[in-house]
Number of protein chains: 2
Amino acid sequence: MEQTSKLRLGILGSGKGSNMAAIADACAVAGYPAEIAVVVSDVPGAGILDKARERGIRAEVLPPGRFRTKLDDAAERAYIGALQEARVDLVVLAGFMRILKGDFLLAYPERVINIHPSLLPSFPGLEAWRQALDYGVKVTGCTVHLVDQGVDTGPILAQATVRILEDDTAESLHERIQQAERVLYPQTIESLARGTLKVAGRKSRIIAR
Amino acid sequence: MEQTSKLRLGILGSGKGSNMAAIADACAVAGYPAEIAVVVSDVPGAGILDKARERGIRAEVLPPGRFRTKLDDAAERAYIGALQEARVDLVVLAGFMRILKGDFLLAYPERVINIHPSLLPSFPGLEAWRQALDYGVKVTGCTVHLVDQGVDTGPILAQATVRILEDDTAESLHERIQQAERVLYPQTIESLARGTLKVAGRKSRIIAR
């Protein structure tokens, strides 16, 4: 992902868009090596759409099709088309609540990333902060990873830790994890854009430039 | 586990005894609320035996019986007998390579602890540091937990994190995790002995005294 022009991001999200906003804020800083080319949501009226448009970022709603937890084939083609039309280099999932499979990953091989609210491989799946609290761990966090065919199983790019406090609720813990995400995700995208974060198999490493 | 006299520890180990030595060093500090009553090993000639005897701590070898990964019934009875004879309050596993089951845990309910070289529930089982490195996580660590019927599944008492470095090998990572263990294990035992670490179900918490 080395390049002199900026890395073009396509952000997919279903929710409030707090990670998208953090990435947009990073992109607004002079010298940051990426820019948001398009935001796509499967949820009409999702907060991420307003937050994008307020910032002058192109934002589209694309219907997900007939499944509840994934895109159907026609929807997948529409998403790929929208991303390609916007000349997206890297697809960034930011609270996108659908699993991406086969064709999508073939269209963007090792170019789809996600952030997950736990220290993977602990607590994959939904409400990972609540899973962590219920299990009784003392430390959790967030993980940026490449998306592969599994659920939250792809090669790990970066992780940040969040200590669980004695009086944490699911809500207070979730909030602190989200704070950590808003730092980690823009940092990781920056490293990918600068070509200093390299992936080989399951391992990623920071290299000096 | 509140008491005015010192908490009596029975340490079981199969290896070098580095965690036992760290606990013994802590016990030697004035005011530390625990003492090692006996060290038991299933491995004749294990380093933990010499390290104990050098420190004037009673150390015994008890044969494990006919199984490779657990104690057989007769061995379990012999272990329980040795610990009871030494008036042990808390059984501390320190590199003990056999699974403890039913009768043992009934004899010391919620009074058997272990330290595991990962941030559980990630990477239970053997060579957890190597599992973490092969998976490609960025953060691992160690976990002190109550021993239950499962393998590395009991309620978590304490966790410490260890960052994985770019040039880590299984050996260098294991060494740093062991350094963290040698701090975390004596700290956790101290909290249990002082009665400031309480367990309820899967959750543990530090309470003010």
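In table form, for the structure just shown:
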item	result
Filtered residues of region B:129-145 (kept if more than 9 Å from chain A (Cβ to nearest Cβ) and either open to solvent by 10 Å² or more (accessible area, probe 1.4 Å) or free of Cβ contacts under 8 Å to residues at least 24 places away in the same chain (or both))	B:Trp129, B:Arg130, B:Gln131
Qualifying residue in region B:72-83 (condition: open to solvent by 70 Å² or more (accessible area, probe 1.4 Å), farther than 24 Å from B:Gln149 by Cβ and of a type outside the set (Gly, Ala, Ser))	no
Output for region B:94-111, where each listed residue is assigned to a strand (DSSP E or B) and surrounded by 23 or more Cβ atoms within 10 Å (Cβ to Cβ)	none
Qualifying position, being modelled with pLDDT of 95 or more, in contact with a strand residue (DSSP E or B) (Cβ under 7 Å, 6 or more places away or on another chain) and within 24 Å of B:Ile206 (Cβ to Cβ), among A:Val144, A:Val112, A:Val137	A:Val137
Those residues of region B:85-114 which are closer than 14 Å to B:Val151 by Cβ and among the aromatic types (Phe, Trp, Tyr), in sequence order	B:Phe96
Those residues of region A:15-60 which are more than 16 Å from A:Leu184 (Cβ to Cβ), surrounded by fewer than 19 Cβ atoms within 10 Å (Cβ to Cβ) and touching a residue at least 60 places away in the same chain (Cβ under 8 Å), in sequence order	A:Gly15, A:Lys16
In region A:72-93, the residues that are without any contact (Cβ under 8 Å) to a residue 60 or more places away in the chain and either part of a loop (DSSP other than H, G, I, E, B) or of a type in the set (Val, Ile, Thr) (or both)	A:Asp72, A:Ile80
Qualifying residues in region B:147-157 (those that are more than 10 Å from every other protein chain (Cβ to nearest Cβ) and of a type in the set (A, V, I, L, M)) - the one most open to solvent (accessible area, probe 1.4 Å)	B:Val151
Matching residues in region B:154-174 - criterion: being in contact with a strand residue (DSSP E or B) (Cβ under 8 Å, 6 or more places away or on another chain) and modelled with pLDDT of 95 or more	B:Gly154, B:Pro155, B:Ile156, B:Leu157, B:Ala158, B:Gln159, B:Ala160, B:Thr161, B:Val162, B:Arg163, B:Ile164, B:Leu173
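Here is a yes/no grid of residues against (1) touching a Phe, Trp or Tyr at 6+ places or on another chain (Cβ under 6 Å); (2) surrounded by fewer than 16 Cβ atoms within 10 Å (Cβ to Cβ); (3) in a helix (DSSP H, G or I):
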{"position": "B:Gln159", "(1), (2), (3)": "no, no, no"}
{"position": "B:Leu165", "(1), (2), (3)": "no, yes, no"}
{"position": "B:Ser172", "(1), (2), (3)": "no, yes, yes"}
{"position": "B:Lys198", "(1), (2), (3)": "no, yes, no"}
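The values are calculated or read from the model by the stated rules, or taken from the named source; none is laboratory data. In this text the structure is predicted, and so the values were computed from the model without any measurement. So basically every Cβ, Gly included, is an ideal-geometry build from the backbone, and we count neighbours across all protein chains shown. Note: accessible area is taken over every heavy atom of the protein model, side chains too, but ligands, DNA and RNA are not part of it. Shrake-Rupley method; radii C 1.70, N 1.55, O 1.52, S 1.80 Å.
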